[in-house]
Structures are given as structure tokens and as C-alpha cells.
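Report on the structure given below.
The values are calculated or read from the model by the stated rules, or taken from the named source; none is laboratory data. Being a predicted model, the structure only gives us computed values, none of them experimental. As a convention, Cβ positions derive from the backbone with ideal geometry for all residues, glycine included, and neighbour counts pool all protein chains shown. Accessible surface areas use protein heavy atoms only, side chains included; no ligands, DNA or RNA. Shrake-Rupley method; radii C 1.70, N 1.55, O 1.52, S 1.80 Å.
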Amino acid sequence: MYELTLLCPEERVDVLGEAFDALDALSVSVEDADAQTEAEQALFGEPGMPAPREAWQRSRVTALFASQGAAEEAARLLAAQDFFAGCQVLGVAEVPEQDWVRLTQSQFDPVQITPEFWIVPTWHELPAQARQSIRLDPGMAFGTGTHPTTRMCLRWIAGQGSAHGLGAVLDYGCGSGILAIGAAKFGADAVDAVDIDPAAVQATEDNARANGVQLAAGLPERAQGEYRTVLANILATPLKVLAPLLCAHVAPGGHLVLAGILERQADELKEAYAPWLQLSVADSEDGWILMVARR
């Protein structure tokens, strides 16, 4: 494998990506050419930042090719194009052979939810202090326990399940099934997990089986009736649209638990749910919040 690396201005990144597609590049990555310097820029929409741009002002674009000849030919062809103005070839280099599976696995460590509750990839040993755990590997569906929204939901599930019980649970937008599995681990009477993505439904079923828990997964129409606990870790805009539907599923005395919300979006969500339930902020982490209401 050989990689061709270019330096280019922001406005050339998209056209270079299209050109690499036409040149049969195996993959293309874009990085901040000024990373680790005073000129480094935040780009991907961190909380409180302006809307993200397409690329950095000075971007390093790296394309992977199967052979040295293919990488060098791509460099020659690109340099002859009008759109290459302002770009620079930094070089062609061989990519060392690596155990990519082991390298990928090394990036995912056990995630602590509480001192005794952990999310642990299958290739890791359980931490000695783990009294409860979910075995979950990174996959196609969202939800590996590494994002603050997932951790906050799981903390709430662990606390509520241990102290008061969860009753029947609905996980709306289940992704990997991690919240549904957590609810089952903490004593839910029954768990329905639904998602609009069939791949998420399959991932949830597979992960539940791997963790030895019982739940029912399916498309959204599977959600029927009322539940003592309704969980939805999605994003603020769909959560606002889903307000009447989610509230209708909360049984008297039950809880609605929402995540995927930035701190600055709290008032929007309170207003959207006000006709049915009174939301309040129950937890916060890294600019994200967990909102909870009780019927």
C-alpha cells in the first residue's frame, strides 16, 4: 500500500476527493495541516462553536493506493489539472504493514459508567471492580458507551434501576441496543427496543444475545401502549418532532428520559414538551445534557 499526500486550500478539498474517486483511490482522509500548532482550528461543530465548515483553511489530504505506480501516476495527473492551482504534492510513501484489527481494537478501552458498571469490548478483560457490565463492540449502529449522551443515559438507568426499578421500558431509537441492554441488566420488567434502521434492529438483537438478556427489537410500530420508562437518545430536532408520540407512551408515574441535546437547546425542548410533560435537566457532560420528566 502507498499513500499520496497533498497540501491544499479549503476550497479544493471536495474536488480533490472526487478526483481521487475517479483515480480509484482505496481511501481518502483529510486532516488539519496546522494541527498541533497555534494555527490549529476546531472544525466539527463542538458545543458552542459556529456551524462546521467543509474543511480546514490548510488541509492535508491523503489518498491510499494499491501500488506505488498508481500513487505516482495520480500525483502526475492531478498536478496537470487547472483545479490543482494552490495545491502541493507532499510526497508518496509506503504504508507499513500492520495488524489493523489489533490496531483498531487498541483504540477502544472499557468505559466506566459508574464505579461498578462498565461497558467492555469483547477483547478486553472485565475490570476487577465491575459488578455489572455490557459487552459491546464498535459496529454500524450508534451507541458504544463512549459518547456523553450514552453515558448519561446509562448512569440514569443504573441509578433508577438500583433504587426504584424501571418497570416496562421503551428504548426509542435504539441504535446498538446499549440502553435497552442496560435496562434489562438493571431489572426492567420487559424491554421494547425500536429503530427506523433495520441494521440497528439487527445490531440490538445480536448485542442482546451476546449479553444474555431478553428484549424485543423491531421497527417503531412495535412500540405499543404505555411504559414506566421511555428512553430516547437521538438529537434535539427529531426529539421535538416526536414529543407527542413519546409522551403518549409514558405511563402515569413513569419517566421520560431524553438525550442527544446540547445545553443551549434545553429551553427549546422544554417548550416542545410543555403541553404534555415538564422536562428538567438531570445531568450534563461536555456540553451535552440529559433531560427527564415524570408523569
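Structure notes:
- DSSP beta bridges in region 106-294 [antiparallel fraction, %, rounded to 5]: 40 percent
- Only Lys, Arg, Asp and Glu carry charge here, each on its Cβ (+1 for the first two, -1 for the last two); on that basis the chain has a dipole of about 1480 debye about its Cα centre.
- Counting only protein heavy atoms and using a 1.4 Å probe, the accessible area of His147 comes to about 60 Å².
- Sorting Tyr2, Tyr172 on solvent-accessible area from highest to lowest, probe radius 1.4 Å, gives Tyr2, Tyr172.
- Those trypsin sites (Lys or Arg not before Pro) in region 115-215 that DSSP places in a loop and that have at most 16 other beta carbons within 10 Å: Arg131
- Taken one residue at a time, the phi angles of region 182-190 give Karplus couplings (6.51, -1.76, 1.60, θ = phi - 60°) of x, 4, 5, 5, 9, x, 4, 5, 7 Hz. Gly and Pro are set to x.
- Taking the square roots of 5 times each eigenvalue of the Cα gyration tensor of region 127-236, largest first, gives ellipsoid semi-axes of 19, 17, 13 Å.
- Cα gyration tensor shape for region 171-212, rounded if a/c is under 1.5, else prolate or oblate: oblate
- Label sites at Thr114 and Ala163, each approximated as a point 7 angstrom past Cα along Cα to Cβ, lie 0.9 nm apart.
- Rounded to 10°, Cα long-axis angle of helix 148-163 versus longest principal axis of the chain: 20 degrees
- Full extension of the chain between Lys240 and Asp197 gives 13.5 nm of extra length, using 0.36 nm per residue less the Cα-Cα distance.
- Estimated inter-spin distance, Gln224 and Gln68, nm [label 7 Å along Cα→Cβ]: 6.6 nm
- Residues of the chain were split at every exposed loop site, defined as GluC sites (Glu not before Pro) in a DSSP loop with at most 14 other C-beta atoms within 10 angstrom, and the longest piece left, sites excluded, is 126-295.
- When nucleic acids and ligands are ignored and a 1.4 Å probe is applied, Trp118 ends up with an accessible area of around 30 Å².
- Each label point was placed 7 Å from the Cα along the Cα-to-Cβ direction; for Gln132 and Val15 their separation is 5.6 nm.
- Rounded, prolate or oblate (a/c below 1.5 giving rounded, otherwise prolate when a/b exceeds b/c) for the chain by Cα gyration tensor: prolate
- For trypsin sites (Lys or Arg not before Pro), no site in region 233-289 is both called loop by DSSP and has at most 10 other Cβ atoms within 10 Å.
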